[in-house]
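The values are calculated or read from the model by the stated rules, or taken from the named source; none is laboratory data. Just so it is clear, the model here is predicted, and its values are computed rather than measured. For neighbour counting, all protein chains shown are included, and Cβ atoms are generated from backbone atoms with ideal geometry for every residue, glycine included.
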Amino acid sequence: MAAITIDGKALAEKVRAEVARDVSQLGGVGLATVLVGDDPASHIYIDLKHKAAQAAGMEARDLKLPGDIAEEELLSTIEELNEDDSVDGLLVQLPLPDHLDENRIIEAIAPQKDIDGIHPFNAGRLYLGRPTLVPGTPLGVMRMLDEYGIPLEGARAVVVGRSAIVGKPLAHLLLQRNATVTICHSRTQDLQRHTLDADVLVAAVGRTHLIGADMVKAGATVIDVGMNRGEGKKVYGDVDPSAAELAAYMTPVPGGVGPMTIAMVMQNTVTAARSRRLVSPAN
Ligand code: NDP
């Protein structure tokens, strides 16, 4: 029997509607994005975020800075946005040009405005089991699992990929929900042995169809984070679509995790706005 499709597009619409409602209840929310240089993919991502922010009724500021900007100048721009009370959420589009120290830039963002959840303070809180702002992709995956009622308590979860923005934070979120979590990566031996054990299998690798149907347990929930460019504009996941014959639930690519990411970054902006208003007596 074919898997039930976890519809990320429809769920992202729902999240966006919730965000718009929250923005209106809060009486406005401010987002600022910083894009350095002219990487075409980064421009597309920033435009999508601005469209989503505007659709939700946020005030969105779009700073586009030259690719040869000096590090100190970028740091002082971030500092100004940190201080600016009209900015609730601040994100710096990655990757940055090579001459800039990405870690130094990330650490300059005020943690309470870090809607990408990548500041070490926010990563540390997640590690300690007290998450506040968490990266959008893993947050979106958790929302998908919850929306479809996938049991996590005591489940065997296998996350393939250990990046700081997807695999690691997702593994922590699953652990916090009492799943038994295994993290696999490029040095994992006999990947199939691990994936076949998974009740919840997440692929966040960046290798087209790395996970074949023979690596999926019957009845598993399969979340495919991969977005791998093929010929033309076609995008392929990390999981072979034939795995849907075995899985009970599976995300499609495209239309699965992809649309959730930006929706969850918008939700993070609302989260940041709420907690800032709680601590700021002026509001
Ligand atoms: P990274 O390249 O940062 O990380 C990839 C991870 O996969 C690494 O941990 C790497 O291991 C591991 N890996 C590589 N090859 C293998 C292998 N053969 N077997 C097992 N593990 C392997 O990627 P990201 O986490 O940034 O992204 C992963 C995928 O998700 C990409 O396709 C990306 O486009 C997509 N993505 C999609 C998003 C969305 O919104 N849908 C958002 C973010 C990413 P090691 O650590 O040992 O190198």
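Couple of notes before you dig in:
- Qualifying residue in region 85-93 (condition: in contact with a strand residue (DSSP E or B) (Cβ under 8 Å, 6 or more places away or on another chain) and charged (D, E, K, R)): yes
- Here Leu201, Leu210 are screened, and the one residue that is touching a helix residue (DSSP H, G or I) at 6+ places or on another chain (Cβ under 6 Å) and free of Cβ contacts under 8 Å to residues at least 60 places away in the same chain is Leu201.
- Residues of region 147-176 satisfying the condition of being away from the ligand (no atom under 16 Å from the Cβ), outside any loop (DSSP other than H, G, I, E, B) and not aliphatic (A, V, I, L, M): Glu147, Arg156, Gln176
Matching residues to (1) charged (D, E, K, R); (2) touching a residue at least 60 places away in the same chain (Cβ under 8 Å); (3) in contact with a Lys or Arg (Cβ under 8 Å, 6 or more places away or on another chain):
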| position | (1), (2), (3) |
| --- | --- |
| Asp68 | yes, no, no |
| Ser86 | no, no, no |
| Leu96 | no, yes, no |
| Arg104 | yes, no, no |
| Ala108 | no, no, no |
| Leu126 | no, no, no |
| Gly129 | no, no, no |
| Pro138 | no, no, no |
| Glu153 | yes, no, yes |
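- Within region 223-236, the set of residues being touching a helix residue (DSSP H, G or I) at 6+ places or on another chain (Cβ under 9 Å) and either of a type in the set (Gly, Ala, Ser) or closer than 24 Å to Thr132 by Cβ (or both) comprises Ile223, Val225, Gly226.
- Residues located in region 152-161, provided they are more than 14 Å from Asp224 (Cα to Cα) and out of contact with any Asp or Glu (no Cβ under 8 Å at 6 or more places or on another chain): Leu152, Glu153, Gly154
- Top-ranked residue of region 202-249 - restricted to ones that are in contact with a strand residue (DSSP E or B) (Cβ under 6 Å, 6 or more places away or on another chain) and acidic (Asp, Glu), ranked as surrounded by the fewest Cβ atoms within 10 Å (Cβ to Cβ): Asp238
- Residues in region 201-217 that are more than 13 Å from Val160 (Cβ to Cβ) and within 16 Å of the ligand (Cβ to nearest atom): Thr208, Asp214.
- Region 1-28: number of residues that are in a helix (DSSP H, G or I) and aliphatic (A, V, I, L, M): 9
- Just one residue in the set Thr261, Thr188 is touching a helix residue (DSSP H, G or I) at 6+ places or on another chain (Cβ under 8 Å), assigned to a loop (DSSP other than H, G, I, E, B) and not acidic (Asp, Glu); that residue is Thr188.
- Cβ separations smaller than 6 Å between residues 6+ apart or across chains give the following pairs from region 255-266 residues that are on the phi > 0 side of the Ramachandran plot and modelled with pLDDT of 95 or more to residues that are crowded, with 24+ Cβ neighbours inside 10 Å and not in a loop (DSSP other than H, G, I, E, B): Gly255/Gly8.
- Remark: Asp199 matches the filter, which requires a residue to be of a type outside the set (A, V, I, L, M), surrounded by 15 or more Cβ atoms within 10 Å (Cβ to Cβ), over 17 Å from Gly140 (Cβ atoms) and in contact with a strand residue (DSSP E or B) (Cβ under 7 Å, 6 or more places away or on another chain).
- Residues of region 218-258 classified as assigned to a helix (DSSP H, G or I) and more than 9 Å from the ligand (Cβ to nearest atom), total: 5
- Residues of region 29-49 classified as over 14 Å from Thr77 (Cβ atoms) and aliphatic (A, V, I, L, M), total: 6
- Residue in region 178-197 that is of a type in the set (D, E, K, R) and either away from the ligand (no atom under 16 Å from the Cβ) or within 26 Å of Ala10 (Cα to Cα) (or both) present: no
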